[in-house]
Amino acid sequence: MPTIFVCGATGTQGGALVSNILKSPGLKAHAVARDPSSEASEALKARGVTIFKGDFNDEDSLRVAIQGCTGLFINLALDLTDLTQEVAQAKRLLSVGKKAGVEHVIYSSGISVDQLERHRHWDPSSLIARALLNKREIEHEVRTAGFKYYTIIRPGNFMTNVLTPLVNMQYPELVEKAEVTTPLAPDVLFPMVDTDDIGKFGVAAFQDPERFNAKEFEIASELMRLQDVMKAISKVTGRDVKINYMSQEEIDNQISTNPLLAGQLLFSDIVEFVDMDSVRAWGIPLGTFEDFLPRERERVAQTYFR
Ligand SMILES: NC(=O)c1ccc[n+]([C@@H]2O[C@H](COP(=O)([O-])OP(=O)(O)OC[C@H]3O[C@@H](n4cnc5c(N)ncnc54)[C@H](OP(=O)(O)O)[C@@H]3O)[C@@H](O)[C@H]2O)c1
C-alpha cells in the first residue's frame, strides 16, 4: 500500500495532509513525533497514522520512520531563532528518503520563493528574506535530489493565521483588542489558503505522480482583502475589528526595528505571483473563508472565546 511520510503531522499542513490521506482508501501515513504520547500524537494514532518517536534532527529516527514509504511530504517549521535548521533538516529527509527508496517527494515551500527579487519591497538583508532564501535552497535540493517524481507547492497566506497559535504572531492585537495593524494599503489582495486544500493537492499528487511530476506551482483558495477577512471575523466573534493602516512615516520609522514589517510589506504585491485560473485548472475543489470559519468553529471558539 502506498505509504506517505508526512512531516509535521501534528501541525497545520501535515495535519491537513494526514486527514486527506485517511480519507483516501489505499493510502497510509507515517510520521515522527518528538513526543509520541502527546494528545495530538495519540489522536493521530487513534485515527490510523503510524507514529514513531523521532525528530527531523535525528537521522536514525527518520531512517526507521521512512522505511517502507513511497512518498515523502516535506514541510518544515520556520525557526526564526535558528535559520540554519530548515535546510539541514530538508537535506537529511531527502537523503534518508532516497536511501529508503521513496519515489515521490513533495515540498511545501512558500509563494513566490522562486522569484523573490521581483517583489517591490524585496530586502535581501531582512530576517524574512533569509528565511525565504532557505526555502529557495530547499526547492533546489528537491529538484536535484534524483527522485523519480518531485513536486513543489507554494501555498499563500494560511486561513489558520487567524486562529491560535498563529494569530499571536500574525495579528498580535486581534484576539485581545479586536485590532490589526498593517503597512499595506486597503485594496491589497491576499492569496488565502484553506490549509485543507494543501492536503487535497498533496493527496492528488501522490495518487497521480506522473501528472504532478516536476510541477512547481502556487496554491491559493481565494483572493481576499484584509478588510474582508476581518469583516468575517467580526461577524463570527460579534466584535468589530478595527484595522489600523500605517502611514508611510510610521513604516519608515519602524522598518529597521520591527523585523516582521519587512515580511508584511512583501505582501503588497504578492497577488501578482498567483494565477487563480492556473490553480483552478488542476480541478481540485478549493475552500473559501466563508466555509472555513464554521468548519473550524471549535478552534474559532478556543481562539476568541477562551
Ligand atoms: N502561515 C502561513 O501563512 C504560511 C504560508 C506559507 C508557508 N508557510 C510555512 O509553513 C511552515 C510551517 O508549517 P505549519 O504551519 O504546518 O507548521 P506548524 O503547524 O507550526 O507545525 C509544525 C510541525 O512540525 C513538527 N516539528 C517541528 N520541529 C520538529 C522537529 N525538529 N522534529 C520533528 N517534528 C517537528 C511539529 O511537531 P510537534 O510540535 O508536535 O513536535 C508540528 O507537527 C513554515 O515553514 C512556514 O514558513 C506558512
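Just to be sure I understand the model, the point goes 7 Å from the Cα along the line to the Cβ. What's the resulting residue 166 to residue 137 distance in nm?
According to this spin-label approximation, the distance is 2.4 nm.
Compute the separation of the alpha-carbon centres of segment 235-257 and segment 30-82 and state it in Å as a whole number.
Cα centroid to Cα centroid, the span is 37 Å.
Residues with amide H under 5 Å of residue 193's amide H, sequence separation 5 or more or different chain, H placed in the peptide plane at 1.01 Å from N; which?
It is 157, 158, 159, 221, by chain and number.
How large are Rg and Dmax for segment 16-128 when only the alpha carbon atoms are used, in Å?
Rg then Dmax for segment 16-128, in Å: 16.2, 47.
What is the Cα centroid distance between segment 276-291 and segment 148-184, reported in whole angstrom?
Computed from Cα coordinates, the inter-centre distance equals 19 Å.
Of the beta bridges DSSP finds with both residues in the chain, what % are antiparallel, to the nearest 5?
Percentage antiparallel, nearest 5: 10.
Taking amide H positions as placed in the peptide plane 1.01 Å from N, state which residues far from residue 7 in sequence (5 or more) or on other chains have amide H under 5 Å from it.
Residues meeting the amide H criterion: 73, 75.
To the nearest 10 degrees, how steeply does helix 12-22 sit against the main Cα axis of the chain, on a 0 to 90 scale?
Computed tilt is about 50 degrees.
What shape does segment 208-294 take by its C-alpha gyration tensor, where a ≥ b ≥ c are the square roots of the eigenvalues and a/c under 1.5 counts as rounded, a/b above b/c as prolate, and the rest as oblate?
It comes out oblate by the Cα gyration axes.
Tell me the relative contact order for segment 14-134 as a rounded percent, counting alpha carbon contacts under 8 Å between residues six or more apart.
20
Given 0.36 nm per residue, what is the gain on full extension from residue 58 to residue 240 after removing their alpha carbon distance, in nm?
60.9 nm
Determine Rg/Rh for the chain; Rg is computed over alpha-carbon atoms and Rh is the Kirkwood hydrodynamic estimate from the same atoms.
The Rg/Rh ratio comes out at 0.96.
Read-outs: derived from the displayed coordinates by stated rules, not from any lab. All of these numbers come straight from a predicted model, not from anything done at the bench. All Cβ positions, even for glycine, are placed from backbone atoms using ideal geometry, and neighbour counts span all protein chains on display.
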